[in-house]
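To keep things clear, I will list the structure first and then write my remarks on it.
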Amino acid sequence: MAKATKTEQTTTTAFVDEKDIAILRMLQKNAKATVQEIAAQVHLSTTPVHDRIKRMEQNGVIKQYVALVDKSKINKGLMVICYVSLKEHSKMAGGKFIKNIMDMPEVLECYSISGEFDFMLKVLTENMDTYYNFHVNKLSQAENLGHVQSVFVMGVVKETHVMV
């Protein structure tokens, strides 16, 4: 099976202190918070807060800023967890599968996992018909695909991106 690419691998841990953690907590709750708002909450002036944010961006602690979208408001009502095994486990075969997955907008997340399956995909589509179309016409067409097991999400109990 293919390993994570070099850009995905973390070789060193960036140094973050309690003030950095406090800044990260605020940004995870509201990425649109101003430096002035953050500075007031963490009891620093704006320049050190700005410098800390820039350092964390440059060190890759902060990877990107995103808007979290309510899937029900954009007609994406079906979430499916797909467990995928490959027929062949060479680096080249795994790399081809990963490249295929990267080109599928329905796949929100892809994890290389241990156990019976090689990958776990989080797939979001409009409904069962669109998932069927995705499964038959995209996922099943991926080269080297062995077995797929689809698990349909009945409800979301917890969903967060807050890490600290």
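Only the coordinates and a few stated rules stand behind these numbers; no lab work does. Predicted model, so just to flag it, every value in this text is computed and none were measured. With ideal geometry, Cβ positions are generated from the backbone for all residues, glycine too; neighbour counts draw on all protein chains shown.
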If the cut-off is 19 Å between C-alpha atoms, which lysines fall inside it for Lys99, apart from same-chain ones fewer than 8 positions away?
Lys3, Lys6, Lys87, Lys91, Lys122, Lys138
Stokes-Einstein, Kirkwood over Cα pairs, the range 18-58, 25 °C, 0.890 mPa s; D in µm²/s equals 250 µm²/s
If you line up the long axis of helix 128-137 against the longest principal axis of the chain, both from Cα atoms, how many degrees apart are they, to the nearest 10?
70 degrees
What angle, in degrees between 0 and 90 and rounded to the nearest 10, separates the Cα long axis of helix 91-102 from the longest principal axis of the Cα atoms of the chain?
70 degrees
Sort out the exposed loop chymotrypsin sites (Phe, Trp or Tyr not before Pro) in the chain (DSSP loop, at most 13 other Cβ within 10 Å) and tell me the longest stretch that has none.
66-164
Convex hull per residue volume in Å³, alpha carbons only, for the chain:
143 Å³
For the range 44-141, diffusion coefficient by Stokes-Einstein and Kirkwood Rh (Cα), 25 °C, 0.890 mPa s, µm²/s
151 µm²/s
Most exposed first, judged by fewest Cβ atoms within 10 angstrom, Lys54, Lys96 run Lys54, Lys96
Helix-only [θ]222 nm of the chain, DSSP H runs n ≥ 4, -39500 (n - 2.57) each, per residue, nearest 500:
-10000 deg cm²/dmol
